[in-house]
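Reading through the structure tokens given below for one structure.
The values are calculated or read from the model by the stated rules, or taken from the named source; none is laboratory data. Bear in mind the structure is a predicted one, so any value in this text is a computation, not a measurement. Counting neighbours? That spans all protein chains shown, and the Cβs are built from the backbone with ideal geometry, glycine included.
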Amino acid sequence: MALSGCYALLKYLVVIINFIFFLAGIGVVTAGIYLLTDSTMYVQVVQDDANFHTGIYILIAAGVLMFIVGFLGCCGALRESPCMLVTFFSFLLVILVVEVAAGCWVYYNLPELEKMLQEHVKRTVEVDYSTNEYLTKTFDTIQSNLECCGADGPRDWSKSQFNQGKKKSDKGLDLAISSSPQTYKLPLSCCSTPTSPQICDDGSRIGVSANIPVVMHQQGCIDKLKKVLKEHMVIGWVLLIIIAVLELFGLIFSLVLCCAVRSSTDHYKS
């Protein structure tokens, strides 16, 4: 028996909420795939870490689950099926609990996550740059886009594998570290005017106690990456809260709708 009045309105509210879950699931899966495949993402500095891949796979799985739950909720509400509504309620409750637990874990482990970021950026500068083509291109993108140089600063490159062998390269700029001919190079991505390599080259030779030339990015990439990630994290927290509120309404509305459907069915039978 079809619902009427307020319960009919509630039915379509449940449909709308679940359609949002359905679209959100598609969005989460798309974002997860994008993180795995896009070589320009800042976070890919740590993509060689197994924890990064595990986190992305969990994100994709969560998106698929949201997609399924949204579809199940829409069908349950439209068909006025108590069985499907109860199943939807159970799945949604599990998702909400997992999201709250994951949010708490991230909040309490932020210092450890920042430490992991620092370690990976330093390793990229000291070891992986120039020896790993994929990470080299990614870190060049980071230095250019975030206007930074090195892990903590430009002088980090003096300890980099990039400078072993003392080979001349069109990818680097020599910086003197003493009054002797001994030099080390900075990647061109450290230069604030990459379209004018001559300008970068002219200001590249300095003494060990001298300041880094103004044509080079002065700040290290760790601080810049932390700032970017914190900005994105604020957006993430806001979205998580919005989704959690929608899920809470979905739980309440689906439970009330399920009770209304059962009551209507019992009344119709009697």
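Things to note:
- Selected residue [modelled with pLDDT under 65 and surrounded by 14 or more Cβ atoms within 10 Å (Cβ to Cβ)] from S192, S169, S144: S169
- Here D128, D152 are screened, and the one residue that is among the acidic types (D, E), modelled with pLDDT of 70 or more and touching a Cys at 6+ places or on another chain (Cβ under 9 Å) is D152.
- Residue in the stretch 206-217 that is surrounded by 15 or more Cβ atoms within 10 Å (Cβ to Cβ), in contact with an Asp or Glu (Cβ under 8 Å, 6 or more places away or on another chain), at pLDDT 80 or above and within 24 Å of H120 (Cβ to Cβ) present: yes
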